[in-house]
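Taking it in order: structure first as structure tokens, then the write-up.
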Amino acid sequence: MARRRIIAGNWKMNKTPSEAVALCAELKDLVKNDAVDVVYCVPAIDIVPVVEAVKGTNVLVGAENFYIEDKGAFTGEISAPMLKDAGVTYIIIGHSERRDIFGENDILINAKVKKAFAAGLKPILCCGESLALRKAGTYAEWIRRQITWDLDGVSADQVKDLVIAYEPIWAIGTGETATADQAQEVCKMIRDLIAELYDQTTAEAVRIQYGGSMNAGNAAELLAKPDIDGGLIGGASLKADFGQIVNA
Ligand code: PEP
């Protein structure tokens with residue numbers, strides 16, 4: 001089954017609303033490609049202006065975080081229905097920065113995956129190992145455990161709509177990319193795990209991205225691998241290079 005490529009930018013905490021609108025204008029012609037899902041995952045305060053700025057283009061908007069309750073006394077938080085109503089399509093869940101800096105664990109991440117689907121959002125579920133686990137050779141076991149927990153109680157039909165981003169932590173923002181073979185090995189292992197947890201049809205449908213210092217120079221080689229269906233891009237999503245990755 002041919003899976004549609006998905007190239008998503010993770011803007012992190014980098015653009016003010018006016019800077020975000022300017023970046024949309026700068027990238028507009030560079031990211032045109034009807035064969036690819038192009039997503040800008042942006043800070044909460046940028047969502048409304050970015051949804052407006054990309055209207056009529058091929059770009060979809062994603063969010064970077066939300067809280068698991070729909071509404072109520074949760075000062076400072078934003079809910080999945082609020083994101084949906086604002087025009088958000090994708091939501092990053094389980095990014096290593098949220099796991100490591102904000103203490104999110106797999107129980108919360110699992111609740112977020114289920115809430116996102118219930119609200120009509122498509123999760124981009126991140127997983128990946130630290131440098132210590134990579135060196136110890138236990139990374140496969142770690143990633144299997146993350147995904148198994150994070151998808152507990154999630155149906156096969158939902159998983160067909162899921163994006164999983166394999167992001168080795170040692171490659172995020174470091175300039176050190178996993179080799180295409182290292183990335184392919186883990187993305188295939190993730191697809192095999194989905195076949196084991198669900199079935200072959202679901203495994204063939206789920207889209208798996210690589211993330212970690214992907215850039216205009218290395219994207220084509222990574223994206224040529226059979227189990228890499230796209231990329232989650234941090235630093236290079238904030239500049240014209242993103243257009244080259246979309247069209248790699
Ligand atoms: C990320 O944080 O999702 C990421 C992949 O960052 P970078 O591309 O900057 O390594």
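The values are calculated or read from the model by the stated rules, or taken from the named source; none is laboratory data. Everything quoted here is computed from the prediction, not taken from an experiment. Note: ideal-geometry Cβ built from the backbone for every residue, glycine included; neighbour counts use all protein chains shown. Please note that ligands, DNA and RNA were not included when accessible areas were found on the heavy atoms of the full protein model with its side chains. Shrake-Rupley method; radii C 1.70, N 1.55, O 1.52, S 1.80 Å.
Listed values, structure above:
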| item | result |
| --- | --- |
| Residues that are in contact (Cβ under 8 Å) with a residue 40 or more places away in the chain and within 16 Å of the ligand (Cβ to nearest atom), drawn from region 32-53 | V38, V39, Y40, C41 |
| Filter result for K115 (touching an Asp or Glu at 6+ places or on another chain (Cβ under 9 Å), basic (K, R) and in a helix (DSSP H, G or I)) | yes |
| Cross-chain or 6+ apart pairs with Cβ under 6 Å, region 158-180 first and of a type in the set (F, W, Y), then assigned to a strand (DSSP E or B) and within 9 Å of the ligand (Cβ to nearest atom) | Y166/Y210 |
| Failed condition for V48, given (1) open to solvent by 30 Å² or more (accessible area, probe 1.4 Å); (2) in a loop (DSSP other than H, G, I, E, B); (3) of a type in the set (A, V, I, L, M, F, W, C) | (2) |
| Single condition P17 does not satisfy, out of (1) open to solvent by 80 Å² or more (accessible area, probe 1.4 Å); (2) over 20 Å from the mean Cα position of the chain (by Cα) | (1) |
| Those residues of region 123-153 which are surrounded by fewer than 18 Cβ atoms within 10 Å (Cβ to Cβ) and in contact with a strand residue (DSSP E or B) (Cβ under 8 Å, 6 or more places away or on another chain), in sequence order | none |
| Scan of region 154-170 for residues that are within 16 Å of the ligand (Cβ to nearest atom) and either in a helix (DSSP H, G or I) or open to solvent by 30 Å² or more (accessible area, probe 1.4 Å) (or both), ordered by number | I169, W170 |
| Enumeration of residues in region 28-44 that are outside any loop (DSSP other than H, G, I, E, B) and either surrounded by fewer than 24 Cβ atoms within 10 Å (Cβ to Cβ) or out of contact with any strand residue (DSSP E or B) (no Cβ under 8 Å at 6 or more places or on another chain) (or both) | V36, D37, A44 |
| Flag if G173 is of a type outside the set (S, T, N, Q), more than 22 Å from K122 (Cβ to Cβ), open to solvent by 30 Å² or more (accessible area, probe 1.4 Å) and within 16 Å of the ligand (Cβ to nearest atom) | yes |
| A195 among the hydrophobic types (A, V, I, L, M, F, W, C) and free of Cβ contacts under 8 Å to residues at least 60 places away in the same chain | yes |
| Selection within region 191-212 - surrounded by fewer than 21 Cβ atoms within 10 Å (Cβ to Cβ) and not charged (D, E, K, R) | L193, A195, L197, Y198, Q200, T201, T202, A205 |
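One line per residue, one yes/no per condition, for (1) within 16 Å of the ligand (Cβ to nearest atom); (2) without any contact (Cβ under 8 Å) to a residue 12 or more places away in the chain; (3) aromatic (F, W, Y):
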site: N65; (1), (2), (3): yes, no, no
site: F74; (1), (2), (3): no, yes, yes
site: V88; (1), (2), (3): no, no, no
site: H95; (1), (2), (3): yes, no, no
site: D100; (1), (2), (3): yes, no, no
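A quick yes/no check of all residues on (1) more than 30 Å from D29 (Cα to Cα); (2) away from the ligand (no atom under 16 Å from the Cβ):
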residue: E185; (1), (2): yes, yes
residue: E196; (1), (2): yes, yes
residue: A203; (1), (2): yes, yes
residue: N218; (1), (2): no, no
residue: P226; (1), (2): no, yes
residue: D229; (1), (2): no, no
residue: G234; (1), (2): no, no
residue: K239; (1), (2): no, no
